[in-house]
1. Return the pair list, or none, for Cβ contacts closer than 9 Å from residues in region 375-395 that are in the same structural domain as Leu286 (by TED's automatic domain parsing) to residues that are more than 16 Å from ligand 2 (Cβ to nearest atom) and of a type in the set (Lys, Arg), at least 6 apart or on different chains.
2. Within region 143-187, how many residues turn out to be in a loop (DSSP other than H, G, I, E, B), within 15 Å of Leu128 (Cα to Cα), more than 16 Å from ligand 2 (Cβ to nearest atom) and not basic (Lys, Arg)?
3. Would you point out the residue of region 5-38, among those that are away from ligand 1 (no atom under 16 Å from the Cβ) and within 19 Å of Pro405 (Cα to Cα), that is surrounded by the most Cβ atoms within 10 Å (Cβ to Cβ)?
4. What strands (runs of 3 or more DSSP E) lie completely within region 1-115 and have 2 or more residues being within 16 Å of ligand 2 (Cβ to nearest atom) and among the aliphatic types (A, V, I, L, M)?
5. Taking the options Ala418, Ala430, name whichever one is among the hydrophobic types (A, V, I, L, M, F, W, C), out of contact with any helix residue (DSSP H, G or I) (no Cβ under 9 Å at 6 or more places or on another chain) and crowded, with 21+ Cβ neighbours inside 10 Å.
6. Can you tell me which residue among Ala291, Ala269 is of a type in the set (A, V, I, L, M, F, W, C), surrounded by fewer than 24 Cβ atoms within 10 Å (Cβ to Cβ) and not in a strand (DSSP E or B)?
7. Aliphatic (A, V, I, L, M) and within 24 Å of the chain's Cα centre (by Cα): is that true of Ala411 in this structure?
8. It is to be established whether one or more residues within region 248-264 are out of contact with any Ser or Thr (no Cβ under 6 Å at 6 or more places or on another chain), away from ligand 2 (no atom under 14 Å from the Cβ) and at positive phi.
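The values are calculated or read from the model by the stated rules, or taken from the named source; none is laboratory data. Computed from a predicted structure; not experimentally measured. Neighbour counts are summed over all protein chains in view; Cβ atoms, including those assigned to glycine, are modelled from backbone coordinates with ideal geometry.
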Amino acid sequence: MAPTVLGIDSSTQATKALLVDAETGAVLEERRAANPEGTEVDPRAWLDAVDEAAGPLLERAEAISVGGQQHGMVLLDEQGEVVRDALLWNDTRSAPQAEALIEEMGGAEASVEEIGSLMVASFTASKLRWVRDEEPDSARRAASVLLPHDYVSRHLAGGGEAFTDRGDASGTAYYSTRTEEWKPELVELALGKGLELPRLPGSPQEIMARTSSGAAIAAGTGDNMGAALGLSQGEGDVSVSIGTSGVCAMVSPTRPNDASGAVTGFADATGRFLPMATTINAARILEAGRALLSVSHEEMAQLALASVPGARGVTLLPYFDGERTPNRPDARATLTGMSTATTREDIARAYVEGLLCSLADGITALEDRTGTSAATITLIGGAARSEAVQQLAPAIFGRAVTIAPAAEYVALGAARQAAWALSGDQEPPAWTLTDSRTVEAEATPEVLGAYRELKDRTAEWASKG
Ligand SMILES: Nc1ncnc2c1ncn2[C@@H]1O[C@H](COP(=O)(O)OP(=O)(O)O)[C@@H](O)[C@H]1O
Ligand SMILES: O=C(CO)[C@@H](O)[C@H](O)COP(=O)(O)O
């Protein structure tokens, strides 16, 4: 019988666990548990969630791996106890600290040279600087810093030395994607003192630890790197994930280099790179629309599809919770173009179009900055289940879109990494995705045009204060 492996996704809204056949990638069982709301979270809640979701499956797995939301700052003291709540990727309070660090590093180009990306409030280093500035007691007590997936992996190993991987490390802003090493001097720059950092693997398929019952634990990775593995993406393939965050990611053989900050230059979990354009607002745009209209997901989709392209002049710039791409941490959403004839259908349509236009800008930025046209574009994530998103994406992106069958691709990617560690092979196991379908539609460039016009106009307002 083929061995079974366990892939875990500790993402912003939930922890998901998949028990998977290591040879074929077939999902044998799936469980989930909710993670706490908010951008500042007690990380011990993720351990309860992983116990609930993955606990009953652990004994059946020969290898395990954890994908997790990127960038979150988990600060621990000398005894390994939590110093303060984790600040998550979507917590924008450290925006001034990110600006200060860019300046201290020598400017935008120097930031990209050192860490592969332009520093923003999402990155762990800017959160460390915020702690230095605002909570000197926490800074004094802190002895080590972990990412969410490292913290969960260490729990499954029953404690001991923490470990991570190059993919998730590349989102900290104290790791060099050029030399593939930690940059402890950047931790010191950010926090005013050094911290212990998790061990990095020698190879992507290294077994980093074992559970108490002897199952191998792989290095794990950031959730977006996990999704690329779960989709078995090749070079030039683009995934568009619509979860809490909106992520356009392309697997690339070359180290990205974008000082504008539109595209971050992360590493992937296999030895390649994963340039990404990431938004803070994504699935929750539709949640906000649903709340406003008091409808279910399905009704929201049907309302949106009952309107017309451009929502009869209504345009949404969906920066509800501040935004990261473009870098407008203090922004709020703007809805324009309403008349007394505007209907519920038009509002629903504007919300779906606003979401898709922000992702279309992400795809354009990725293609521009990498100089590579997307070979394929695959939609994944919770809100990719929306019928309206599926039908309107090809019109707004102006090209064919692949709809992957609804599945937890981050957890599947973690399972693939676990199977890889178990086999010790040079390459991850070849798992094939079945049941993907391609959707096409007539392009509606005028919708993206209206969105971009509003985006430019509000940038002017922002710069005028
Ligand atoms: N049919 C649907 N239509 C629109 N949004 C949906 C649908 N099903 C789930 N979602 C949204 O997907 C989001 C969760 O997506 P997911 O990719 O699991 O997020 P994360 O990985 O950030 O925890 C939730 O905000 C939920 O409302
Ligand atoms: O900050 C980023 C990527 O840089 C986010 O994509 C987080 O990794 C959270 O992802 P989800 O929970 O939305 O999947």
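1. Close Cβ pairs (under 9 Å, with a partner that is more than 16 Å from ligand 2 (Cβ to nearest atom) and of a type in the set (Lys, Arg)) amount to Ile377/Arg399; Ala388/Arg349; Leu392/Arg349.
2. Looking only at that region, the number is 1.
3. Val20
4. 14-21, 27-34
5. Selected residue: Ala418, the only one of Ala418, Ala430 that is among the hydrophobic types (A, V, I, L, M, F, W, C), out of contact with any helix residue (DSSP H, G or I) (no Cβ under 9 Å at 6 or more places or on another chain) and crowded, with 21+ Cβ neighbours inside 10 Å.
6. Ala291
7. yes
8. The answer is no; no qualifying residue exists.
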